[in-house]
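Some notes on the structure that comes next.
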Amino acid sequence: QVQLAESGGGLVQAGGSLRLSCAASDRTFGNYAVAWFRQAPGKDREFVAGVSGGGGVKEHADFVKGRVTISKNFAKSLVYLQMNSLKPEDTAVYYCAARPVTVSRSVDEYTQWGQGTQVTVSS
């Protein structure tokens, strides 16, 4: 089973940018779709963006379209989430998750999760 570890969270002012990284332990990285979810206090975990096993299919939630880019670095077994024009409502714990090959927007479809990284956007 692939193990995941997020990094790159922090405190940023509204309008700023952050790049989150998700490191995978498994060298067969191309077999896994990886997605980013987020969970704000008192809210359900929600899909942000995902990339397929081969990297050719990417999906983004409507609320981040145009502000977020997901990418996969196969050589380093990393998935990046570049977030620009951050808003206070983007404040949440961000998690990366993996499942075989294809992206799903459903939390229940993912069996492997990282521990999460906190993103706080101040107004």
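Is one or more of the residues making up segment 31-39 modelled with pLDDT of 95 or more and open to solvent by 30 Å² or more (accessible area, probe 1.4 Å)?
For segment 31-39, residues modelled with pLDDT of 95 or more and open to solvent by 30 Å² or more (accessible area, probe 1.4 Å): present.
Please indicate, with yes or no, whether at least one residue in segment 83-100 is assigned to a loop (DSSP other than H, G, I, E, B) and farther than 15 Å from Val12 by Cβ. Let's see the steps before the verdict.
First, pick out the residues of segment 83-100 that are assigned to a loop (DSSP other than H, G, I, E, B): 84-87, 91.
Then drop every residue that is not farther than 15 Å from Val12 by Cβ, which leaves none.
So far as segment 83-100 goes, no, none of its residues is assigned to a loop (DSSP other than H, G, I, E, B) and farther than 15 Å from Val12 by Cβ.
Six or more apart or on different chains, Cβ under 9 Å: which pairs go from a residue in segment 2-17 that's closer than 17 Å to Arg67 by Cα to one that's open to solvent by 30 Å² or more (accessible area, probe 1.4 Å) and β-branched (Val, Ile, Thr)? Could you list them?
Gly9/Val93; Gly9/Thr120; Val12/Thr120
For the subset of segment 47-68 comprising residues that are surrounded by fewer than 16 Cβ atoms within 10 Å (Cβ to Cβ) and within 17 Å of Leu86 (Cα to Cα), which member is modelled with the lowest pLDDT?
Lys65
Every residue in segment 86-100 that is of a type outside the set (Phe, Trp, Tyr) and open to solvent by 10 Å² or more (accessible area, probe 1.4 Å), please. Steps first, please.
Within segment 86-100, the subset of a type outside the set (Phe, Trp, Tyr) is 86-93, 96-100.
Hits for segment 86-100 are Lys87, Pro88, Glu89, Thr91, Val93, Arg99, Pro100.
Which number in (1) free of Cβ contacts under 8 Å to residues at least 24 places away in the same chain; (2) closer than 12 Å to Val103 by Cα; (3) over 12 Å from the mean Cα position of the chain (by Cα) marks the one condition that Ala75 misses?
So the condition that Ala75 fails would be (2).
Would you say Arg19 is open to solvent by 20 Å² or more (accessible area, probe 1.4 Å), within 14 Å of Gln3 (Cα to Cα), out of contact with any Cys (no Cβ under 7 Å at 6 or more places or on another chain) and of a type in the set (D, E, K, R)? Quick ask: steps written out before the conclusion?
Numbers: open to solvent by 20 Å² or more (accessible area, probe 1.4 Å): yes; within 14 Å of Gln3 (Cα to Cα): no; out of contact with any Cys (no Cβ under 7 Å at 6 or more places or on another chain): yes; of a type in the set (D, E, K, R): yes.
Here the answer is no, as Arg19 does not meet what is asked.
Within segment 76-85, is even one residue closer than 13 Å to Leu20 by Cα, surrounded by 14 or more Cβ atoms within 10 Å (Cβ to Cβ) and out of contact with any strand residue (DSSP E or B) (no Cβ under 7 Å at 6 or more places or on another chain)? Please lay out each step first, then the result.
As a first pass, look at segment 76-85 and keep what is closer than 13 Å to Leu20 by Cα: 78-84.
Add one more test, that the residue is surrounded by 14 or more Cβ atoms within 10 Å (Cβ to Cβ), and what stays is 78-84.
This time we only want the ones that are out of contact with any strand residue (DSSP E or B) (no Cβ under 7 Å at 6 or more places or on another chain), so: 84.
Yes - at least one qualifying residue is present in segment 76-85.
Check Tyr110 against each of (1) open to solvent by less than 20 Å² (accessible area, probe 1.4 Å); (2) touching a residue at least 60 places away in the same chain (Cβ under 8 Å); (3) within 12 Å of the chain's Cα centre (by Cα) and name the one condition it does not meet.
If we test Tyr110 against (1) open to solvent by less than 20 Å² (accessible area, probe 1.4 Å); (2) touching a residue at least 60 places away in the same chain (Cβ under 8 Å); (3) within 12 Å of the chain's Cα centre (by Cα), just (3) comes out false.
The values are calculated or read from the model by the stated rules, or taken from the named source; none is laboratory data. Owing to the predicted nature of the structure, the values given are computational and were not obtained by experimental measurement. All Cβ positions, glycine included, derive from the backbone under ideal geometry; neighbour counts span all protein chains shown. Keep in mind that these areas ignore ligands, DNA and RNA; they rest on the heavy atoms of the full protein, side chains included. Shrake-Rupley method; radii C 1.70, N 1.55, O 1.52, S 1.80 Å.
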